[in-house]
Structures are given as C-alpha cells and as structure tokens.
Amino acid sequence: MPAPQVKIQPWSDADLDLLRLLNTSEMTEHLGGPESEEQILSRHKRYLEVGGRGTGRMFTIVLLQSNETVGSVGYWDKVWNGENVCETGWGVLPRYQGRGIATEAVAEVIKLASAEKKHNFIHAFPSMYNSASNAICRKLNFTLLGECEFEYPPGSIMRCNDWRLALTTAK
C-alpha cells in the first residue's frame, strides 16, 4: 500500500479562503453553481460549529509533502428515507484532482465516522453526472442503492446517485 499523501485537519477560521476557492463555476458545476458571499459566510459558520454540536465534522485536506491545503471533506447527520444516517461530501481544487487525494481523505472520514459508533451507514449523494465523485464511491466499496432526487442547494432538486457504506457500530 502506498504511503499516505494527505492528512485531514479540523476546519478552522483560517479556512474561509479555501471555501471561496472551492466556490467556482467549475467546482460547483454539479451542485447548482457558486454561492453568494453571504451563503459562503453562512457555510463557513456551519463548518466551524458542526463538530461542537456533535452532528458531524468538517476538515481541510492537506498534502503531506508540501503542507498545501487542497480541499475539504466532512460528514454530518442526516435523516434519509426516515433513517438517521451519516452523509459525507468532499471537494478538491481542480489542479489537484485525479491524484487519489479525495479518495484518501474520504477514507479517513469514514474511519472517524465509524469510530463515533453513532450511525450504521454513511451515504454519499454525488450528481449522476459527476463521474469522478461516483468513482470515489466505487473505489471505497460503497454500494450504489440507485438514483434519487436530492434537494441541493436548498430549493433546487438534483438527480443523484445514493451510495451507502456500512459503518462499524456498537449498537
């Protein structure tokens, strides 16, 4: 197994600029487009607070070799089809895509979510048209449950794939 190339670090106040870098047309193509500055500030606040509420955690993705911050990854509580589950999501800046960085970061998040022993499953809901994110789910052995309609951003319905992975739990 190759040496890890990334680490994940808890989201901090200093990560607002990263959120702005991830808010481009290219990065939000499958997510309804860029957000307003007000929406970005609100998202940043949610990212900072989610861990303290015990409803998930957000992280930056950092390259080990250069200590560059190259993306974000996290997980949070969600009610899906009447069941309490964990959802994960990620984004890697375009110039760092295609290197396995997101796959490593999501694998780390899965370990952390599993260690909490709070949920039986973690879900990912990439757009049906986001081949890279769907490939990450396949690589990490998520099971494709099928297509679904997903509200994101709020007020907008998108067609997604519902990927699910069992988490180790002590329930």
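For the stretch 126-171, give me the residue count where each residue is of a type in the set (V, I, T) and over 25 Å from E35 (Cα atoms).
Just the residues of the stretch 126-171 that are of a type in the set (V, I, T), to begin with: 136, 143, 157, 168-169.
Keeping just the survivors that are over 25 Å from E35 (Cα atoms) gives 143, 168-169.
Qualifying residue count, the stretch 126-171: 3.
Does E38 meet the test of being part of a helix (DSSP H, G or I) and more than 18 Å from L165 (Cβ to Cβ)? Please lay out each step first, then the result.
On the way: part of a helix (DSSP H, G or I): yes; more than 18 Å from L165 (Cβ to Cβ): yes.
Judged against the criteria, E38 is a match.
Residues in the stretch 43-57: is at least one at positive phi, surrounded by 13 or more Cβ atoms within 10 Å (Cβ to Cβ), modelled with pLDDT of 90 or more and touching a Phe, Trp or Tyr at 6+ places or on another chain (Cβ under 7 Å)?
In the first step, residues of the stretch 43-57 are kept if they are at positive phi; the result is 54, 56.
Next, from what is left, pick out any that are surrounded by 13 or more Cβ atoms within 10 Å (Cβ to Cβ): 56.
Those still in the list that are modelled with pLDDT of 90 or more too: 56.
When the remaining residues are screened for being touching a Phe, Trp or Tyr at 6+ places or on another chain (Cβ under 7 Å), the result is 56.
Yes, that holds for at least one residue.
So which residues in the stretch 1-36 are of a type in the set (G, A, S) and either modelled with pLDDT of 95 or more or over 26 Å from M158 (Cα atoms) (or both), if there are any at all? Give the derivation first.
At the first step, the residues of the stretch 1-36 found to be of a type in the set (G, A, S) are 3, 12, 14, 25, 32-33, 36.
Hits for the stretch 1-36 are A3, S12, A14.
Could you say which residue among N84, N67 is at negative phi and either free of Cβ contacts under 8 Å to residues at least 60 places away in the same chain or not small (G, A, S) (or both)? Break it down stepwise before answering.
On the way: N67 fails: at negative phi.
Testing whether each residue is at negative phi and either free of Cβ contacts under 8 Å to residues at least 60 places away in the same chain or not small (G, A, S) (or both) leaves just N84.
The values are calculated or read from the model by the stated rules, or taken from the named source; none is laboratory data. What you are looking at is a predicted structure, and each value in this text was computed from that prediction instead of being measured. Positions of Cβ are generated from backbone atoms using ideal geometry, with glycine treated the same way; all protein chains shown enter the neighbour counts.
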